[in-house]
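Trainee: Below: one structure in structure tokens.
The values are calculated or read from the model by the stated rules, or taken from the named source; none is laboratory data. Quantities reported herein were computed from a predicted structural model and do not represent experimental measurements. Because the Cβ atoms are built from the backbone with ideal geometry, glycine has one as well, and the counts that use them run over all protein chains shown. Ligands, DNA and RNA are excluded from the accessible area calculation, which covers all protein heavy atoms including side chains. Shrake-Rupley method; radii C 1.70, N 1.55, O 1.52, S 1.80 Å.
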Amino acid sequence: MSIVISPAAEAELPECARLITRALIDDAVMHRLVPGAEDRLRRMTAALLAELRGGAFAHGVVDTARAEDGGPILGVAAWVAPRPPRRTPRRAVEHMRGIRAVGLRRMPAAIRADHRLTRDHPTMPHWYLEDIAVAEDARGMGVGSALIAHGLARVDADALPAYLESTTPASRRLYARHGFGPLGVVDLGGGATATTMLRPAAI
């Protein structure tokens, strides 16, 4: 299957958020970042949409994969560019939307989990693969590999390293095939762990 990769338009971000949610709804780490079972599908989609709008779309790129131009989105990869600004009006708005999605009562637990992840990010400039997901009916067709390779070509053009967190053995094997190596393990509690991985800058 040929795969067409292009940046998401802003109007496509809700569809991207829904695809990522469906792929990660049972992921243990996502359960720590968006706690609670009540109305989980809607809340997680809203939280991911806020994350995309305020993060990779605002300062980076959200790649989409399709089988043909104009076809349905089969996969999404959200890459945050090096050194995103900490505070912008847009990030502030999306941050508030994320809080509403997670819920004030659940927010302290979500903040603790997010802090545990972000404190292990490399200090040098790097591209961050924040989210990647493939639609269920497109798995095993090379969509994930195509998205990673496409993003890494951008990373290599900048001569920078790439960083991510892996939450499953299968994803770690995929990332290893693209040159990522493990750095350490982040324990988020409740049995949720993430392996931090780095791909060195191309020479």
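Trainee: Counting only residues that are open to solvent by 80 Å² or more (accessible area, probe 1.4 Å), of a type outside the set (A, V, I, L, M, F, W, C) and over 19 Å from Gly151 (Cα atoms), how many does the stretch 1-23 have?
Mentor: Residues in the stretch 1-23 being open to solvent by 80 Å² or more (accessible area, probe 1.4 Å), of a type outside the set (A, V, I, L, M, F, W, C) and over 19 Å from Gly151 (Cα atoms): 2 in total.
Trainee: Could I ask something else about it? Would you confirm whether any residue within the stretch 24-43 is touching a Pro at 6+ places or on another chain (Cβ under 9 Å) and surrounded by fewer than 22 Cβ atoms within 10 Å (Cβ to Cβ)?
Mentor: So far as the stretch 24-43 goes, no, none of its residues is touching a Pro at 6+ places or on another chain (Cβ under 9 Å) and surrounded by fewer than 22 Cβ atoms within 10 Å (Cβ to Cβ).
Trainee: Please verify whether His115 is open to solvent by 50 Å² or more (accessible area, probe 1.4 Å), closer than 21 Å to Val61 by Cβ and under 17 Å from the mean Cα position of the chain (by Cα), treating the condition exactly as stated.
Mentor: no
Trainee: Residues being in contact (Cβ under 8 Å) with a residue 24 or more places away in the chain, within 21 Å of Val155 (Cα to Cα) and under 16 Å from the mean Cα position of the chain (by Cα): count how many of those fall in the stretch 180-198.
Mentor: The total comes to 4.
Trainee: Somewhere in the stretch 48-59, is a residue of a type in the set (Phe, Trp, Tyr), under 16 Å from the mean Cα position of the chain (by Cα) and open to solvent by 20 Å² or more (accessible area, probe 1.4 Å)?
Mentor: For the stretch 48-59, residues of a type in the set (Phe, Trp, Tyr), under 16 Å from the mean Cα position of the chain (by Cα) and open to solvent by 20 Å² or more (accessible area, probe 1.4 Å): present.
Trainee: Can you pull out every residue in the stretch 18-29 that is in contact (Cβ under 8 Å) with a residue 24 or more places away in the chain and under 19 Å from Leu117 (Cβ atoms)?
Mentor: Scanning the stretch 18-29 gives Ile20, Thr21, Ala23, Leu24, Asp27, Ala28, Val29.
Trainee: Okay, moving on. Looking at the stretch 86-105, can you tell me whether even one residue there is closer than 25 Å to Met197 by Cβ, modelled with pLDDT under 95 and part of a loop (DSSP other than H, G, I, E, B)?
Mentor: Yes, the stretch 86-105 contains a residue that is closer than 25 Å to Met197 by Cβ, modelled with pLDDT under 95 and part of a loop (DSSP other than H, G, I, E, B).
Trainee: Looking only at residues that are under 28 Å from Gly36 (Cβ atoms) and of a type in the set (A, V, I, L, M) in the stretch 154-196, which one is surrounded by the fewest Cβ atoms within 10 Å (Cβ to Cβ)?
Mentor: Once the filter is applied, the top-ranked residue is Ala170.
Trainee: Any idea which of (1) farther than 27 Å from His150 by Cβ; (2) within 16 Å of the chain's Cα centre (by Cα) is the one Arg42 doesn't satisfy?
Mentor: Against the list (1) farther than 27 Å from His150 by Cβ; (2) within 16 Å of the chain's Cα centre (by Cα), Arg42 comes up short only on (2).
Trainee: Just for strands (runs of 3 or more DSSP E) wholly inside the stretch 116-203: which have at least 1 residues that are closer than 19 Å to Ile25 by Cβ and in contact with a Ser or Thr (Cβ under 7 Å, 6 or more places away or on another chain)?
Mentor: 162-166, 192-199
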